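Trainee: I'd like to ask you about the structure that follows.
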Amino acid sequence: MKLGMFITDTNPSGAGLDELVEQATWAEQVGLASGWVPYVPWSFDAMVALTVVARETSRLELGTAVIPTYPFHPQAMARAALSLNAVAGGRFSLGIGPSHPSVIERMYGL
């Protein structure tokens, strides 16, 4: 069995990039398999934040949980994911999904 965790806060008060890197390096040091960053309107861009984390870790699998498909063109999302995966040395998993009306309609206004 593989265990992972969110490596950033999921609430609006959120953490900074330094805290994100600290959480990721801690997760790697204690032997967790993966670190996940949600895509929420009040936080960092998940793929940009994970690019920073990828430079500071060497083994931890990194993933997004979950980037909504509506606000992003598929080619732009694919290009960003490929770039992040290159920095991460193949350790990136792209979590995508349509999301929910409460997020897409009320938070993003789409």
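Trainee: Only residues in segment 56-74 that are more than 11 Å from residue 103 (Cβ to Cβ) count as the first member; pair them with residues that are of a type in the set (Val, Ile, Thr) and assigned to a loop (DSSP other than H, G, I, E, B), Cβ under 6 angstrom, at least 6 apart or cross-chain, and list the lot.
Mentor: none
Trainee: Picking from 27, 46, which residue would you name as being more than 15 Å from residue 89 (Cβ to Cβ), of a type outside the set (Val, Ile, Thr) and without any contact (Cβ under 8 Å) to a residue 24 or more places away in the chain?
Mentor: Matching residue, one of 27, 46: 46.
Trainee: Consider segment 58-85. How many of its residues are more than 14 Å from the chain's Cα centre (by Cα) and of a type in the set (Val, Ile, Thr)?
Mentor: Residues flagged as more than 14 Å from the chain's Cα centre (by Cα) and of a type in the set (Val, Ile, Thr) within segment 58-85 amount to 1.
Trainee: Okay, moving on. So in segment 75-110, with the set limited to residues that are at pLDDT 95 or above and farther than 22 Å from residue 7 by Cα, which one is surrounded by the most Cβ atoms within 10 Å (Cβ to Cβ)?
Mentor: Going through the qualifying residues, I end up with 78.
Trainee: Say whether the condition of being closer than 21 Å to residue 110 by Cα, hydroxyl-bearing (Ser, Thr, Tyr), more than 14 Å from the chain's Cα centre (by Cα) and surrounded by 14 or more Cβ atoms within 10 Å (Cβ to Cβ) is met by at least one residue in segment 42-57.
Mentor: For segment 42-57, residues closer than 21 Å to residue 110 by Cα, hydroxyl-bearing (Ser, Thr, Tyr), more than 14 Å from the chain's Cα centre (by Cα) and surrounded by 14 or more Cβ atoms within 10 Å (Cβ to Cβ): absent.
The values are calculated or read from the model by the stated rules, or taken from the named source; none is laboratory data. All values reported here derive from a predicted model rather than from experimental measurement. Cβ sites come from the backbone with ideal geometry, for glycine too, and all protein chains shown count toward neighbours.
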